[in-house]
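Written out below as structure tokens is the structure these notes cover.
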Amino acid sequence: QVQLVETGGGLVQAGGSLRLSCAASGRTDSTYAMGWFRRAPGKEREFVASMTTGGESVYGTESMKGRFTISRDNAKNMVYLQMNSLKIEDTAVYYCSGRTTHGSWRWWGQGTQVTVSS
């Protein structure tokens, strides 16, 4: 019902910034909450941030909250993740995800690679 495509990943130096974008299509009215997850090499999936259609946001850790900002443009069916002060440990494949009001995270993009160098 919902298709998600992430863009904006790439190579960035530590301390730099990067903005990820997620384009949603299909039944976008079903996406009550949109979120970002990441998977680093050898590690399990980790929650990064999410935002509801009303603009309420949640971040996975205090470090993420202080450096990352999630935003949504409902008119354009876009979700963004502004990443500042990037650290080497932020290196991972970042995934966009969506869920309904009462459901679990059910729609996933294919991911975009973020590599932070020293």
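Per the Kirkwood formula applied to alpha carbons, segment 50-118 shows a radius of gyration over Rh ratio, Rg over Rh, of 0.97.
Classify segment 78-118 as rounded, prolate or oblate, taking a ≥ b ≥ c as the square roots of the eigenvalues of its Cα gyration tensor: rounded when a/c is under 1.5, otherwise prolate if a/b is larger than b/c and oblate if not. Taking the square roots of the gyration eigenvalues as a ≥ b ≥ c, segment 78-118 is prolate. Pairwise Cα distances in segment 24-72 exceed 17 Å in 41 percent of cases.
In this structure the chain gives 53 Å² per residue of accessible area when probed at 1.4 Å with all protein chains present. Atom-type composition of the exposed protein surface of the chain places 46 percent of the accessible area on carbon and sulfur (1.4 angstrom probe). Potential lengthening of the chain between Asp73 and Ala23 amounts to 17.0 nm, from the contour at 0.36 nm per residue minus the alpha-carbon distance.
Taking 27 Å as the straight-line reach from the Cα of Lys76, the lysines in range (excluding those fewer than 8 positions away in the same chain) are Lys65.
Listed peptides 29-36, 42-49 appear in the order 29-36, 42-49 once ranked by packing, highest mean of other Cβ atoms within 10 Å at the front. For segment 1-116, averaging the sequence separation of C-alpha pairs within contact (under 8 Å, six or more residues apart) and dividing by the residue count gives a relative contact order of 36 percent.
The values are calculated or read from the model by the stated rules, or taken from the named source; none is laboratory data. Predicted model only: the values in this text are computed from it and were never measured. When we count neighbours, we look across all protein chains shown, and the Cβ atoms used for this are built from the backbone with ideal geometry, even at glycine. Keep in mind that these areas ignore ligands, DNA and RNA; they rest on the heavy atoms of the full protein, side chains included. Shrake-Rupley method; radii C 1.70, N 1.55, O 1.52, S 1.80 Å.
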